[in-house]
1. Using the alpha-carbon atoms, what tilt in degrees (0 to 90, nearest 10) does helix 252-278 show relative to the longest principal axis of the chain?
2. For the stretch 148-296, what does the relative contact order come out to in percent, with C-alpha contacts under 8 Å and a separation of six or more?
3. If you take the square roots of the eigenvalues of the alpha-carbon gyration tensor of the stretch 56-175 and sort them as a ≥ b ≥ c, do you get rounded (a/c under 1.5), prolate (a/b over b/c) or oblate?
4. I'd like the accessible area for Val238: 1.4 Å probe, protein heavy atoms, all chains in place, Å² to the nearest 10.
5. Would you grab the residues whose amide H sits under 5 Å from the one on His320? Only those 5+ places off in sequence or on another chain, please, with H modelled 1.01 Å from N.
6. In whole angstrom, how long is each semi-axis of the equivalent ellipsoid of the chain, when you take the square root of 5 times every eigenvalue of its Cα gyration tensor and sort them from largest down?
7. With an 8 Å cut-off on Cα pairs and a minimum separation of 6 or more residues, tell me the relative contact order of the stretch 202-290 in percent.
8. When a/c reaches 1.5 or more, the comparison of a/b and b/c decides; with that in mind, is the stretch 360-411 rounded, prolate or oblate per its Cα gyration tensor?
Amino acid sequence: MSRWITLFAFLWIVPVGETAEKSRPNIVLIMTDNHSPWTLGCYGNKEIRTPNIDRLAKEGTLFTRCYSSNAVCSPTRATYLTGLMPSQHGVHCFLRGGRAQTGPKAYCTIKEFRTLPKILKEAGYTCGLSGKWHLGGNMKPQEGFSFWVTMPHGGTLTFYDAPIIEDGKIRKEPKYLTDFWTDNGVKFIEKHRRKPFFLFLTYNGPYGLGRSLLKPSRNRHAKYYADKKLTSFPREKVHPWLYNNRAYINNPKAIRRYAAEVSGVDDGVGRILATLKKHNLDKNTLVIFTADQGLAGGHSGYWGMGDHTRPLTAYDWTMHIPLIWKQPGVIPAGKKSKILCSNYDFLPTILSHLGLEKQIPKKPTLPGRSYASILRGKSMDWDDAVFYEFESVRAIRTSKWKLIDRYGKGVDELFDLNKDPGERKNLIGEKKHQEVEVHLQKRLTDFFARHSVPRYNLWKGGKSKAVIHGTLRKK
């Protein structure tokens with residue numbers, strides 16, 4: 001009898017919702033900027049030092065074939081937080097300075113949607129952002145965040161004496177910016193460690209763009225890389241389609257600088273993991289490491305992303321991104337998953353993993369699927385295709401094929417990725433591949449017909465919330 005009285009008293013004192021809230025793991029989502037898997041030891045790079053990210057992979061599950069749905073920062077970040085494609089959320093390109101980001105007309109470009117931080121706040125999480133936002137309304141906390149330290153813009157001209165936003169004001173930060181974001185991530189964890197928290201730690205490194213790339217790194221890794229050849233950066237002739245960034249290809253200064261910035265980010269990952277362990281939070285914290293989109297470092301004669309070419313491109317070096325999930329006792333350690341997934345699969349997956357399936361947004365219809373079962377070590381049926389769009393370019397990628405459709409440009413491409421992983425030999429129009437081409441084109445057309453929202457579908461006269469590279473011509 002006394003046992004039932006005790007149980008009744010417990011249920012009366014601790015409401016069911018509060019019990020569920022406390023049982024949920026903390027979340028640390030670490031996102032890097034312009035960063036491909038080929039730079040990381042856990043993905044096979046033996047030259048760039050990334051011991052902390054490698055350890056994260058050993059303690060969690062690494063996804064070998066994850067791809068971004070767009071070529072640049074703002075659209076991909078919007079996709080992570082909404083689960084939507086650019087033709088659904090309307091952010092088709094990176095946001096320029098001012099405009100939506102700062103100034104009298106600034107606004108958050110994803111405010112109309114139920115986003116990950118909004119949903120987590122409703123579920124009892126305290127949400128904090130440290131790092132790059134690049135989605136508008138930068139001067140004040142957005143989307144359920146209460147802790148907010150960010151940049152007034154999206155691009156990176158320097159990692160020192162850079163403008164940052166803190167307490168609603170813009171000031172210059174003299175410290176190495178990668179360390180500064182880590183400092184604030186640590187501060188947030190230590191302040192909010194007693195209830196479930198969501199830290200969105202968004203480094204603006206390694207970046208790999210801009211005039212500063214030809215200047216030596218000033219972080220602690222600069223000396224180590226000063227004489228390294230770094231052959232993991234391909235030395236190839238500049239591709240004629242490369243529109244800018246030509247000065248970086250085959251340039252030891254740019255190559256060593258980028259490598260040093262990758263290792264600088266790795267230091268930050270190590271400090272975050274150490275902070276979680278110090279406060280006994282590591283066993284009840286879900287840590288995810290990923291990037292907004294990839295970056296070519298000389299691959300096939302390119303440097304940069306898909307917006308640095310003319311025509312715009314959708315090659316793997318701009319799409320392929322790292323993805324690691326770690327949660328001790330829940331997500332298998334030391335495992336690799338080969339499923340072909342996209343950043344638009346992230347939102348339904350994390351909400352399913354947290355037991356928040358009912359909070360997955362219903363409208364617009366999400367293009368993504370949850371791979372939460374794989375995070376639990378189970379197998380599942382999985383459609384072998386991911387989709388991509390960047391203004392006048394749309395693409396479908398399967399394990400074997402990639403079809404790139406350029407709206408009205410007359411430069412479509414078809415690649416056999418098994419035989420041609422560098423995407424050099426265009427098979428479009430070849431009779432023996434006609435059936436494959438027709439099949440992929442139908443899948444691509446059907447996907448966007450099913451998921452695009454008319455007001456944001458550029459291929460049907462829709463608008464973009466960001467300035468685009470040019471006007472799309474009708475076919």
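The values are calculated or read from the model by the stated rules, or taken from the named source; none is laboratory data. Since we're looking at a predicted model, the values are computed, not measured. Because the Cβ atoms are built from the backbone with ideal geometry, glycine has one as well, and the counts that use them run over all protein chains shown. Areas reflect the complete protein model, heavy atoms only, side chains present, ligands, DNA and RNA absent. Shrake-Rupley method; radii C 1.70, N 1.55, O 1.52, S 1.80 Å.
1. So the helix axis and the longest Cα principal axis differ by about 20 degrees.
2. 24
3. rounded
4. So the heavy atoms of Val238 present about 40 Å² to solvent.
5. For His320, the qualifying residues are Ser68, Gly294.
6. 35, 27, 23
7. Details: 67 pairs, mean separation 35.6, N = 89.
RCO, the stretch 202-290: 40 percent.
8. On the way: a/c = 4.45, a/b = 1.73, b/c = 2.58.
Oblate.
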